[in-house]
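Here's the structure we're looking at; comments come further down.
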Amino acid sequence: QDVMDMEEKPQTPRVSWYERHVQPCLAELLGTALFIFVGCLAVVEDSGGTGRLQPALAHGLALGVTVTVLGDI
C-alpha cells in the first residue's frame, strides 16, 4: 500500500480560460492587424525602382518583430 502512495502521478497545472482562449486570439488579432497594416503602408509610397521587394521586406521585418515581441505568448 505504501509503494502505491509514492507512485502518484504529478498533477498538471490547470490553465485559466483567459490563457487558453482569449490570449491566443488577441495575439492572432494583433499579429494579423500589424502584418496587414505594415504591408499596406509599404505599398502606399511605392517608388518605381523597388517593385515587389519593398512589400516583401516590410512583411518579413514585421513578422520578425512580431515573433520577437510576442514570442512568449
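Could you please find all residues in region 55-73 being loosely packed, with under 12 Cβ neighbours inside 10 Å and of a type in the set (Val, Ile, Thr)?
Passing the criteria: Val67, Thr68.
In region 30-53, which residues are open to solvent by less than 90 Å² (accessible area, probe 1.4 Å), modelled with pLDDT under 75 and out of contact with any helix residue (DSSP H, G or I) (no Cβ under 7 Å at 6 or more places or on another chain)?
Across region 30-53, the qualifying residues are Ser47, Gly48, Gly49, Thr50, Gly51.
Across region 9-29, which residue is nearest to the chain's Cα centre (by Cα) among those that are among the aliphatic types (A, V, I, L, M) and open to solvent by less than 100 Å² (accessible area, probe 1.4 Å)?
Per the stated criteria, the residue is Ala27.
The values are calculated or read from the model by the stated rules, or taken from the named source; none is laboratory data. Here the structure is a predicted model, which means the values were calculated and not measured. Positions of Cβ are backbone-derived with ideal geometry, glycine not excepted, and every protein chain shown enters the neighbour counts. Note: accessible area is taken over every heavy atom of the protein model, side chains too, but ligands, DNA and RNA are not part of it. Shrake-Rupley method; radii C 1.70, N 1.55, O 1.52, S 1.80 Å.
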